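The values are calculated or read from the model by the stated rules, or taken from the named source; none is laboratory data. Since the structure is predicted, the reported quantities are computational estimates derived from the model, not experimental observations. Cβ coordinates were reconstructed from backbone atoms using ideal geometry, including for glycine residues, and neighbour counts include every protein chain displayed. Heads up: the accessible areas ignore ligands, DNA and RNA and are worked out on the full protein's heavy atoms, side chains in. Shrake-Rupley method; radii C 1.70, N 1.55, O 1.52, S 1.80 Å.
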Amino acid sequence: MNSTTADETVAMGSGLISLIKVSGLHYSYASSPPVLIDIDLEVSAGEIVALLGPNGAGKSTLLRILLNELTPESGTITGPLLSMKSSRVLMGYAGEEIAHFNSLTGIQNAHFFARAAGVEKHEVSEMVSGLMNLVGLSNEADKVVSSYSFGAKRKLLLLEALVHQPKLLLLDEPTVGLDPVSRDALADILRKCSQEGSAIVMASHDLNF
């Protein structure tokens with residue numbers, strides 16, 4: 001993402017409360033040319049924002065900066081989301097890399113990540129069960145993750161990002177490995193999250209989603 005253009009950032013929805021605002025962001029890796037130059041982005045509650053561009057455009061880098069994994073060279077990130085106090089993690093993230101406990105079942109992984117994100121013990125089972133149905137993993141919930149297909153692992157990753165009902169959901173190439181039915185299910189899930197007030201930032205080069 002070498003510059004900020006209207007074509008690369010597509011926003012849908014009509015959120016009223018700005019959750020996070022990026023102004024004048026610059027970032028470079030080591031001595032390489034700048035990856036992000038003067039990036040401005042504002043995301044509101046109930047809004048879905050798609051960062052569109054080819055591989056290497058800087059989409060993943062911007063998500064990692066929003067996650068506080070990378071520190072920009074200049075620019076600011078502000079918004080009430082950064083100062084909100086909650087027992088739950090306020091952001092959810094599903095990246096391109098899959099990280100699960102392969103010796104545990106899908107439902108055990110989901111329970112672990114839900115509790116780690118601050119979901120109360122008495123809420124976990126119902127929330128995980130509902131999402132297992134939504135992402136199409138109910139039949140594989142009790143199987144160890146090492147036996148999962150790539151697509152099933154991607155679904156589990158999305159579930160883990162969603163299970164604590166984050167205020168801001170960051171998704172990096174969320175359609176990779178998903179069949180058409182699962183892509184439709186993901187679109188429905190994101191619309192539901194948006195309607196419930198969550199903000200979503202999605203990096204993709206898939207123009208058909």
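At a glance:
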{"quantity": "Of all accessible heavy-atom area on the stretch 148-209, the percent that carbon and sulfur account for (1.4 Å)", "calculated": "52"}
{"quantity": "Tensor-based shape of the stretch 126-209 (alpha-carbon gyration tensor, a/c under 1.5 rounded, otherwise prolate or oblate)", "calculated": "oblate"}
{"quantity": "Per residue accessible area of the chain, 1.4 Å probe, in Å²", "calculated": "50"}
{"quantity": "Separation in nanometres of the label points that stand 7 Å from Cα toward Cβ, at L67 and K143", "calculated": "2.6"}
{"quantity": "Zone of D184's modelled label, taken as backbone nitrogen in the stretch 133-170 under 15 Å from a point 7 Å along Cα→Cβ", "calculated": "134-136"}
{"quantity": "Proximal lysines relative to K192, as straight alpha-carbon distance under 27 Å, when same-chain residues fewer than 8 apart are discounted", "calculated": "K21, K59, K85, K121, K153, K155, K167"}
{"quantity": "Using a Förster distance of 25 Å, the FRET efficiency for A30-S74 (Cβ separation, nearest 0.05)", "calculated": "0.95"}
{"quantity": "Length released on extending from E126 to I17, taking residue separation times 0.36 nm less the Cα-Cα span", "calculated": "36.3 nm"}
{"quantity": "Cleavage-rule hits, GluC sites (Glu not before Pro), the stretch 10-80, DSSP coil, Cβ neighbours within 10 Å at most 15", "calculated": "E69, E73"}
